[in-house]
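A short write-up of the structure that comes next.
The values are calculated or read from the model by the stated rules, or taken from the named source; none is laboratory data. What you are looking at is a predicted structure, and each value in this text was computed from that prediction instead of being measured. So basically every Cβ, Gly included, is an ideal-geometry build from the backbone, and we count neighbours across all protein chains shown. When the accessible area is computed, the model is the full protein with side chains, heavy atoms only, and any ligands, DNA or RNA have been set aside. Shrake-Rupley method; radii C 1.70, N 1.55, O 1.52, S 1.80 Å.
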Amino acid sequence: MSRVYACLLAGLALVLVALPAVADDEQTLKEDKRHVRDWNAFAENLLKLHRRQIAGREVEVKQSVGGYAGDPEFYRQVEYYDKASGRLISRLQWERENPEALHTAEVYIYDDRGRVIRDYAVAYLPRYRNAPSQTLIFVHQYNDGLHAFRSFDASGELIFERCEGNYHGRPVSLMLDVDEIDEAAYEKRRFNRGIMTTEDYRLCFDGLDETADLYLVPN
């Protein structure tokens with residue numbers, strides 16, 4: 001299971017067990033027209049990227065059915081693999097009762113060495129489809145055995161950072177959620193200390209995109 005897919009499933013599982021509360025959030029979301037516009041545009045552009053990625057290449061398509069507690073056959077899942085390399089290009093899920101309704105989508109972009117350099121994901125809730133409930137933009141960087149990535153949402157907010165690997169025989173593991181990122185940035189700015197001033201952090205993240213501006217329209 002991919003990291004993006006795991007994030008989507010975890011996020012959806014949390015909100016699906018509390019749909020009445022989500023209804024209140026949905027009402028709030030309807031009032032935020034810019035958020036609704038931007039996140040729906042992101043979903044549409046992600047589907048466009050998926051179509052560009054599979055156009056003109058030989059792909060292997062795998063289909064399955066899945067769902068959630070109480071509705072185990074909620075979606076039809078379609079995975080697209082590049083036949084030559086076997087790499088996953090994209091994974092789409094469609095509501096079975098509403099075949100034109102996208103449930104989730106993931107698209108992967110690789111470098112010439114077969115490493116993921118960007119990946120994107122979007123998810124809608126089953127009943128509240130005013131806008132996606134989750135959007136993810138991951139940008140990746142590799143440095144001498146280290147793999148670092150930053151995650152943004154479709155509004156451009158940085159929400160997660162992670163780095164793992166082995167740098168010249170030394171294990172490195174860093175993980176910061178949105179609150180920890182804010183706290184670390186404040187410590188660095190105010191006191192010139194904290195995790196963002198460490199060698200490991202620099203090795204992992206120096207040179208990696210600090211904003212999602214180039215990727216808010218998935219490419």
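Taking trypsin sites (Lys or Arg not before Pro) across the range 171-209, the ones in a DSSP loop with at most 16 further Cβ atoms lying within 10 angstrom of their Cβ are ARG193. With R₀ fixed at 25 Å, the C-beta to C-beta distance from ARG129 to ARG87 puts the FRET efficiency at about 0.25. Placing R0 at 22 angstrom, the Cβ-Cβ distance between GLU210 and TYR186 gives a FRET efficiency of 0.90 after rounding to 0.05.
On the basis of the beta-carbon distance and an R0 of 35 Å, ASN166 and SER64 show a calculated FRET efficiency of 0.50. To put it simply, the accessible area of the range 83-139 at a 1.4 Å probe is 41 percent carbon and sulfur. Taking only protein heavy atoms and a 1.4 Å probe, the accessible area of the range 145-204 is 46% carbon and sulfur.
In a DSSP loop and with at most 15 other Cβ atoms within 10 Å, the trypsin sites (Lys or Arg not before Pro) in the range 114-144 are ARG115, ARG127. Summing +1 for each Lys or Arg and -1 for each Asp or Glu among the other residues whose beta-carbon sits under 13 angstrom from that of GLU73 gives -1.
Rolling a 1.4 Å probe across all protein chains gives THR211 an accessible area of roughly 70 Å².
Take every pair of alpha-carbon atoms less than 8 Å apart whose residues are at least six positions apart; their mean separation over the length of the chain yields a relative contact order of 15 percent. Computed extension gain for THR197 through VAL36, at 0.36 nm per residue and net of the alpha carbon distance, reaches 54.3 nm. Charged neighbours of GLU183, selected by a Cβ distance under 12 Å, balance to -1 (K, R count +1; D, E count -1). In the chain, the sites counted are GluC sites (Glu not before Pro) in DSSP loop states with at most 16 other Cβ atoms within 10 Å, and the longest stretch holding none of them, exclusive of the sites, is 1-57. Accessible area per residue for the chain, computed on protein heavy atoms with a 1.4 Å probe, is 55 Å².
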